[in-house]
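Here is the structure we will look at.
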Protein chains: 2
Amino acid sequence: MSATTLSHFAVHTMTNKPWSLARCCDAYARAGFGGISVWRNVIEPIGVAEAARIVRSSGLKVPALVRGGFFPALDSTTRDKAIDENKRCIDEAAAIGAEMVVLVVGAVVGMPLAEARKQVAEGIGRCLDHAEKSRVKLAIEPLHPMYAADRSCINRMREARLVCEELRSPWLGIACDVYHVWWDPDLADEIALAGAQQTLFGFHVCDWRPNTRDLLNDRGLMGEGCIDIKTIRSWVERAGFNGLNEVEVFSTERWALDQDGYLRQIADACARHV
Amino acid sequence: MSATTLSHFAVHTMTNKPWSLARCCDAYARAGFGGISVWRNVIEPIGVAEAARIVRSSGLKVPALVRGGFFPALDSTTRDKAIDENKRCIDEAAAIGAEMVVLVVGAVVGMPLAEARKQVAEGIGRCLDHAEKSRVKLAIEPLHPMYAADRSCINRMREARLVCEELRSPWLGIACDVYHVWWDPDLADEIALAGAQQTLFGFHVCDWRPNTRDLLNDRGLMGEGCIDIKTIRSWVERAGFNGLNEVEVFSTERWALDQDGYLRQIADACARHV
């Protein structure tokens with residue numbers, strides 16, 4: 001596969017945060033992107049039935065609904081609530097025709113990361129039947145270690161793999177986002193392993209800006225940072241991945257721009273830097 | 001060893017950035033701290049001879065001069081300059097009686113991390129004779145992955161260990177800073193290995209604030225973040241480490257405070273949370 005055409009790319013709605021779901025669908029389809037990954041915040045104001053109608057009529061593929069997860073908690077009531085919420089997530093994904101739910105697995109300040117990872121595996125395990133029945137995959141997204149305090153106790157491909165190996169389901173895999181894992185010395189090996197284990201469900205692209213100004217919302221557009229995206233993409237494809245490349249950029253700076261012009265920049269960055 | 005008394009702690013001068021070296025020495029000694037780790041910025045305005053006089057007359061131990069490193073570069077002239085600079089660093093460390101030079105090893109935007117790590121090993125190798133002659137140890141400090149773009153291509157204890165294993169010198173080891181490595185699932189094992197290999201030269205403490213506001217200067221004081229410092233310290237001591245616990249907090253918020261009152265907070269945090 002060569003991802004030189006936009007049809008091999010999907011855009012995450014959060015990339016164009018100022019836009020509604022309808023506006024995203026319309027703009028992405030007209031620009032020639034092949035897909036859209038839908039964040040729940042754009043479903044919330046219109047409801048899932050209307051969201052499903054908009055997405056399905058756009059003709060776009062839907063790699064992912066974003067996001068489920070946040071399994072660990074200090075008490076079982078909160079953990080149970082997280083399971084319910086994740087099942088609702090799976091239902092929404094099925095409704096809009098999303099291939100997978102991306103899981104930001106969670107972490108709790110004061111809880112040892114090893115314990116949090118145990119609770120994550122347990123929580124995912126409790127959702128797998130529902131995922132299978134709904135024909136929706138679950139993809140663990142390892143998050144950068146700078147999010148280990150309260151967002152994700154899984155910070156490398158390796159820890160995501162260990163959960164997959166423990167639960168062994170064709171419905172459970174990994175979403176590999178270059179932003180989170182580019183620094184990992186084991187990245188090439190882990191991508192190859194995920195390919196061999198058929199758990200490489202998603203591939204997200206953006207860039208890491210040197211002198212990043214904010215831990216959450218200062219991602220770079222592909223090509224303006226230090227990540228060798230083309231090389232990582234070659235590993236992912238050698239591992240057998242043939243899904244869409246998902247563009248996921250959180251950027252306060254970019255959200256302030258005219259989003260139509262910005263989408264043209266995104267399309268250009270996809271063609272030149274991925 | 002029990003680090004419940006301040007004499008088992010050293011403070012990095014950068015922790016009290018507004019203070020001169022003389023002010024730091026005076027305040028740390030009067031407060032009962034056992035040592036001081038000296039950043040080069042406080043030496044620069046007074047010169048190394050005067051700095052050595054001040055530090056030596058304080059009676060404080062000096063675990064570290066901070067910092068050498070920054071070895072990788074795109075051309076050999078720049079790499080040669082880095083070697084010269086690191087040798088000057090070693091000379092300064094010897095002059096002030098510092099046990100080690102802490103190495104922030106460097107990284108170059110656009111250079112693959114694996115290549116940068118090769119250049120780091122080569123650069124350190126070129127400094128080891130000078131270190132041995134000067135009786136000054138070199139300690140690789142793995143930096144958090146969020147600094148992989150341009151500050152350090154060594155982001156886990158493991159990669160620091162690989163360089164130590166390659167160069168095998170009693171003058172080369174590792175400075176373990178909880179801020180950088182607390183999230184690493186291999187941390188306990190790597191600390192034990194460093195102990196067995198006698199490369200555990202330094203132990204730095206501070207804390208990771210949930211909702212960190214800045215990538216550089218928003219570290220927490222011990223106890224106000226999510227790092228289980230007591231547990232990590234128990235691993236370090238089980239591995240045979242018996243040096244001073246070094247307090248190293250970069251905090252714009254704290255630098256704006258009255259530093260005398262802040263130092264009392266630091267002393268309290270050492271007693272209660274390390």
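Read-outs throughout are calculated quantities, based only on the coordinates presented, and are distinct from any laboratory measurement. Worth saying up front: this structure is predicted, and the values here are computed from it rather than measured. Glycine also receives a Cβ, built like all others from the backbone with ideal geometry; neighbour counts cover every protein chain displayed.
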- Taking every pair of alpha-carbon atoms in the stretch B:1-131, what share in percent sits in each 5 Å bin, from 0 to the bin with the longest distance? 2, 11, 19, 19, 15, 12, 11, 7, 3, 1
- Task: Using the Karplus curve 6.51 cos²θ - 1.76 cosθ + 1.60 with θ = phi - 60°, work out ³J(HN,Hα) for each residue of the stretch B:230-236 in order, rounded to whole Hz, and write x for Gly and Pro.
- Result: 4, 5, 4, 4, 5, 5, 4
- Query: Quick one: what does P(r) look like for the protein assembly as shown with 10 Å bins over all Cα pairs, in whole %?
  - Reply: 4, 17, 26, 24, 16, 10, 3, 0
- Note on the structure: Residue-ordered couplings for the stretch B:97-114, obtained by feeding phi - 60° into the Karplus form 6.51 cos²θ - 1.76 cosθ + 1.60 and rounding to whole Hz (Gly and Pro as x), are x, 7, 5, 9, 9, 7, 9, 8, 6, x, 6, 10, 4, x, 9, x, 4, 5
- Item | Alpha carbon centroid spacing (whole Å) that separates the stretch A:137-188 from the stretch A:44-67 | 25
- Using a 7 Å Cα-to-Cβ projection, B:ASP129 label spacings across copies, nm, ascending: 7.1
- Which whole number gives the average count of other chain Cβ atoms within 10 Å of the Cβ atoms across peptide B:211-223? 2
- What is the Å³ per residue value for the convex hull set by the Cα atoms of the stretch A:93-186? 97
- Item | Peptide-level mean, for A:130-142, of C-beta atoms on other protein chains within 10 Å | 0
- Message: At 222 nm, what value in deg cm²/dmol follows for chain A if DSSP H runs of at least 4 each add -39500 (n - 2.57) and the sum is divided by all its residues, to the nearest 500?
- Response: -13500 deg cm²/dmol
- Task: Mind checking B:107-113 for the average number of partner chain beta-carbons within 10 Å of each residue's beta-carbon?
- Result: 4
- For B:GLY110, which inter-copy label distances result when the label point lies 7 Å beyond Cα on the Cα-to-Cβ vector, reported in nm to one decimal and in ascending order? 4.8
- Please work out, to two decimal places, the log10 of the ratio I(q)/I(0) at q = 0.09, 0.13, 0.14, 0.16 Å⁻¹ from a Debye calculation in which every Cα of chain A carries one identical scatterer. -0.37, -0.82, -0.96, -1.29
- the stretch A:177-233 -> Rg/Rh from Cα coords, Kirkwood Rh, value 1.01
- Using every pair of alpha-carbon atoms in the stretch B:196-274, split the distances into 5 Å bins beginning at 0 and state the percent of pairs per bin, rounded to integers. 3, 15, 23, 22, 18, 10, 6, 2, 0
- Task: Would you kindly give the portion of the calculated P(r) for the stretch A:1-46 that falls above 18 Å, as a percent of all Cα pairs?
- Result: 26
- For q = 0.17, 0.29, 0.33, 0.35 Å⁻¹, what log10 I(q)/I(0) does the stretch B:32-73 give under the Debye formula with an equal point scatterer on each alpha carbon and no solvent? -0.51, -1.08, -1.20, -1.24
- To the nearest µm²/s, what D does Stokes-Einstein give for the stretch A:113-248 at 37 °C and 0.692 mPa s, using the Kirkwood radius over alpha carbon pairs as Rh? 214
- Taking each label point as 7 Å beyond Cα in the direction of the beta carbon, state the distances from A:THR78 to the same residue in the other copies, shortest first, in nm. 4.7
